[in-house]
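Below is one structure, written out as structure tokens; comments come after it.
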Amino acid sequence: MLTELNPPQQEAIEHTEGPLLILAGAGSGKTRVLISRAAHLIHSGKANPWQILALTFTNKAAGELKSRAFALIGDEGKNIVAGTFHSILARIMRLEGLNIDIDPHFTIVDSDDRRKLIKSIIKENNIPTGIVRPAQVDWAIGQAKNSLISSYEYAEKATRDFDKIIAEIYVEYEARLKRMKGMDFDDLLIRPLQAFKKYPEFLQRLQNRFQYVLVDEFQDTNPAQYQLVREISKEHRNICVVGDDDQAIYGFRGADVSNILDFKKDWNDAKVIRLEQNYRSCKSILDVAWSVIKRNSHRHKKKLWTSREGGAQVELIITESEEDEAQRVIGYIEKEHRLEKRPYNDIALLYRTNAQSLSLEQALRGAQIPYKIVRGLRFYERKEIKDLLAYLRILVNPSDDISMLRIINYPPRSIGVALVTEIKDKARSEGYSLNQTLIEIANDPDTAPRRKKALNKFIELIDELRKLAEQNPIPYIVNEIITRVELKERLKAEEKDDITRAESKLANLNSLQMDVERYIVLNPEGTIETFLEEVSLVTEIDKLDESEPAVNLLTLHSCKGLEFKVVFVVGMEDGLLPLEPHDDSRPDISLEEERRLFYVGVTRAMDRLFLTYALNRFRWGSQGSGKPSRFISEIPSEMLQVSDMTSSGYRKYKPKQNKDYSSNTIPSASSKKLSPKSRKRTQTKKSKSSSTLSADELQKGLLVKHPKFGLGVIVKFNRNGEDSRIDIDFDDVGNKTLILKYARLEATL
């Protein structure tokens, strides 16, 4: 095992005692080192498999670690405790719950349900969305929790009116979670930390159990995650963290790059090993990556190198517009596919914002090139799937108010909106769960017979399903739910005017049934609770099928951990990469993190790398001219082959040195002061309506087609000419609110 590794990798594996920081550059074989280290600990008798805790950031990474450990060391590899922070801690809290004052049957509230809960609190408290938006509250609560600031501490520190409003919502949000025995993703990290202080014997049990702690992608940890591993590792001090500060790109999620930059402050005797040999990319690609990332001032000193000398020169493609950019990229894809015999799945198109995929998708469809997008509505977030899962959640946690609201009158069962509102108001005023309250109303002699009958029928249904769940496997229960509540019949009735849409939703239900069957085969001891936990924590990357013969479309944030033979980084313009927000809503964006994001995208490429930018692009509702990204001017000209695809020809490419390399923040558009000349150059015109549908034709139930989101049904609209706002339920991506003049809608007869 050791003879197949390079010297720094060997050193990292053989250093078994004491804290260790492994600075693993992109493509340097860090997964191999992690697995080999675990194998060495077991074979040398230092630890039993179950005494090793390996924490990752995706289920995919955890699965790869365990499968490769099994291949390397046999059955013992299965007993290594490996998983994401959230999945491991959820499992621990279910096992230890009764010892640490946590109900073991808690519900995990996913990001979609968390946002809906925040929206309902805002609505019920009559807080105008013009004052505070649900997304702002969601972000603020997440930042507070990741910084270990409780709702009451947040309220005490709030001085501005805006912060006081968020504090009120935060306090109510926490109260609602407690009432429904729910935990959001942040709570899965925070509640164990709180238990460490309140129940020190709980921490001691974990310290005794896990004598070696391995942390993958350490640069992505937030304060809570680092505090967790620090506490667990404090007794034996055998903590090994692997990461790369040059790939720290999740600051917007609360990740703190200082965890890896300042590791030696907490562990002053830590050994530091650098893995700088890259096994993925050719030299020409690494040279471009290095020329940009070296300008960051807050980073560990290291430089990737490879034995793969040379390689095709990185190509910079200049185009007229985003549509032209997409067509040019198609031409290059066809060349790589037909002449170089590259499979489509070896090719990736990377972009900074999701909105950039629209023109690329249109061009790919026009050229009949298969593609897949790693983003958008995940399978488990589709309405028909969440409805069924809500029934399962209620079976294990009757106090789950979010799930109760989904199913109490779906499919319709004579429990009208007025009765649901009455139940909600009564539950809120008395501090009870919706389940407790509806049972109370059903037993109240003053309740009208019609209402009582409807409520009792629902209560009996849930009780019967719960009894069945105690004695039968999950696949049987899922089938029973579908049959007893006639879900398939309901979907057919709802989509009777669109057979294709109905078939799609029915196929999704069938897929869920197959998922449950697969789950129970792989996890014979699995329960409804463990299945729900797994689907709550699944990520988009976990579901990515890298063998599917299709071009990959991903944001730069989604591509970390992946690699492709050919990579296009599109939209290389100031304002896009680095991103410049169109308002002050993203104070967390920094130039250094944007530079790291570019570095991550570039180092996904193995053989060929293309960078593209357009002279004109439609952004923030307007068509405007742009200028090359400052990152392009940080690349020496001899490293780039420039292909000017513009009709009028472009001035010869000459990189200019930027004077603001040391700046760590990017000002929002609203805070920039432009010279008269700059103002003239960046003036934009409002676009004319791009929809064939007029405001007068808007009507509820109308089937429409969007070039990006596909088919959808209008469910609500506010008619105001070209500025009409339309709520549409799309088949593939769910509900979206669009403005008519930008929506590119067409009516489908």
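Side notes on the structure shown:
- Cβ separations smaller than 7 Å between residues 6+ apart or across chains give the following pairs from the stretch 493-517 residues that are at negative phi to residues that are part of a helix (DSSP H, G or I) and open to solvent by 90 Å² or more (accessible area, probe 1.4 Å): Ala502/Lys492.
- Flag for Tyr371 being open to solvent by 30 Å² or more (accessible area, probe 1.4 Å) and aromatic (Phe, Trp, Tyr): yes
- Here Arg352, Arg393, Arg382, Arg365 are screened, and the one residue that is without any contact (Cβ under 8 Å) to a residue 12 or more places away in the chain and either open to solvent by less than 30 Å² (accessible area, probe 1.4 Å) or within 27 Å of the chain's Cα centre (by Cα) (or both) is Arg365.
- Per the listing Leu206, Leu193, the residue uniquely modelled with pLDDT under 95, of a type outside the set (D, E, K, R) and either open to solvent by 10 Å² or more (accessible area, probe 1.4 Å) or closer than 23 Å to Phe106 by Cβ (or both) is Leu193.
- Residues that are in contact with a Gly (Cβ under 8 Å, 6 or more places away or on another chain) and open to solvent by 60 Å² or more (accessible area, probe 1.4 Å) do occur in the stretch 138-153.
- When Thr306 is tested against (1) open to solvent by 30 Å² or more (accessible area, probe 1.4 Å); (2) of a type outside the set (D, E, K, R); (3) modelled with pLDDT under 95, just one condition goes unmet, and that condition is (1).
To keep it simple, each residue is scored yes or no on (1) touching a Leu at 6+ places or on another chain (Cβ under 6 Å); (2) more than 25 Å from Arg617 (Cβ to Cβ); (3) at pLDDT below 80; (4) open to solvent by 30 Å² or more (accessible area, probe 1.4 Å).
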{"position": "Lys680", "(1), (2), (3), (4)": "no, no, yes, yes"}
{"position": "Leu693", "(1), (2), (3), (4)": "yes, no, yes, no"}
{"position": "Ile726", "(1), (2), (3), (4)": "yes, no, no, no"}
{"position": "Val733", "(1), (2), (3), (4)": "yes, no, yes, yes"}
{"position": "Leu745", "(1), (2), (3), (4)": "yes, no, no, no"}
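- Of all residue pairs spaced 6 or more apart or on separate chains, those with beta-carbon atoms under 6 Å, a first member in the stretch 94-110 that is of a type in the set (Ser, Thr, Tyr) and a second member that is not in a helix (DSSP H, G or I) are Thr107/Gly182; Thr107/Asn397; Thr107/Asp400.
- Any chance Arg205 is among the charged types (D, E, K, R) and either within 26 Å of the chain's Cα centre (by Cα) or part of a helix (DSSP H, G or I) (or both): yes
- Among residues of the stretch 236-286, those that are within 30 Å of Gln204 (Cβ to Cβ) and not charged (D, E, K, R), counted: 17
- The stretch 59-76 residues that are over 20 Å from Val535 (Cβ atoms), paired with ones that are open to solvent by less than 30 Å² (accessible area, probe 1.4 Å) and not in a helix (DSSP H, G or I) (beta carbon under 7 Å, 6 or more apart): Leu65/Ala54; Leu65/Thr56; Leu65/Ala82; Ala69/Ile80
- Filter pass, Ala224 being aliphatic (A, V, I, L, M), at pLDDT below 95, open to solvent by less than 10 Å² (accessible area, probe 1.4 Å) and not in a strand (DSSP E or B): yes
- Residues that are open to solvent by 10 Å² or more (accessible area, probe 1.4 Å) and among the aliphatic types (A, V, I, L, M) were ranked within the stretch 128-137; the one that is farthest from Asp187 (Cα to Cα) is Ile131.
- Qualifying residue in the stretch 42-51 (condition: of a type outside the set (S, T, N, Q), within 28 Å of Ala248 (Cβ to Cβ) and open to solvent by less than 10 Å² (accessible area, probe 1.4 Å)): no
- Qualifying residues in the stretch 707-721 (those that are buried (at least 17 other Cβ atoms within 10 Å of the Cβ) and over 20 Å from Ala507 (Cβ atoms)) - the one modelled with the lowest pLDDT: Lys708
- Listing of helices (runs of 4 or more DSSP H) fully contained in the stretch 1-89 that carry 3 or more residues being under 19 Å from Val229 (Cα atoms): 30-43, 59-73
- All positions within the stretch 319-349 that are open to solvent by 20 Å² or more (accessible area, probe 1.4 Å) and of a type outside the set (D, E, K, R): Ser321, Gln327, Gly331, Tyr332, His337, Leu339, Pro343, Tyr344, Asn345
- Residue that is farthest from Pro411 (Cα to Cα) [pool: residues in the stretch 428-439 that are in contact with a Lys or Arg (Cβ under 8 Å, 6 or more places away or on another chain) and in a helix (DSSP H, G or I)]: Thr437
- Test: residue in the stretch 163-180 that is out of contact with any Asp or Glu (no Cβ under 9 Å at 6 or more places or on another chain), among the small types (Gly, Ala, Ser) and assigned to a helix (DSSP H, G or I): yes
- Among the residues of the stretch 122-149, those that are small (Gly, Ala, Ser) and assigned to a helix (DSSP H, G or I) comprise Ala135, Ala140, Gly142, Ala144.
- Comparison of Ile73, Ile80, Ile108 shows that the only residue that is closer than 30 Å to Ser433 by Cβ and hydrophobic (A, V, I, L, M, F, W, C) is Ile108.
- Filter result for Ile190 (of a type in the set (A, V, I, L, M), over 28 Å from Ile22 (Cα atoms) and assigned to a helix (DSSP H, G or I)): no
- Residues (at pLDDT 90 or above and of a type in the set (Ser, Thr, Tyr)) located in the stretch 373-420: Tyr391, Ser399, Ser403
- Members of the stretch 272-289 that are touching a Lys or Arg at 6+ places or on another chain (Cβ under 9 Å), surrounded by fewer than 22 Cβ atoms within 10 Å (Cβ to Cβ) and of a type outside the set (Lys, Arg): Val272, Glu276, Tyr279, Cys282
- All of (1) of a type outside the set (Lys, Arg); (2) in contact with a strand residue (DSSP E or B) (Cβ under 7 Å, 6 or more places away or on another chain); (3) part of a helix (DSSP H, G or I) hold for Ala195 with one exception: (2).
- Taken over the stretch 410-427, residues that are in a helix (DSSP H, G or I) and open to solvent by 30 Å² or more (accessible area, probe 1.4 Å) amount to 7.
- Qualifying residues in the stretch 97-127 (those that are touching a Pro at 6+ places or on another chain (Cβ under 8 Å) and open to solvent by 60 Å² or more (accessible area, probe 1.4 Å)) - the one farthest from Glu534 (Cα to Cα): Lys119
The values are calculated or read from the model by the stated rules, or taken from the named source; none is laboratory data. None of the values given here were measured: they were computed from a predicted structure. Here Cβ is always computed from backbone atoms with ideal geometry, including for glycine, and neighbour counts include all displayed protein chains. Surface areas here come from the heavy atoms of the whole protein model, side chains and all, with no ligands, DNA or RNA. Shrake-Rupley method; radii C 1.70, N 1.55, O 1.52, S 1.80 Å.
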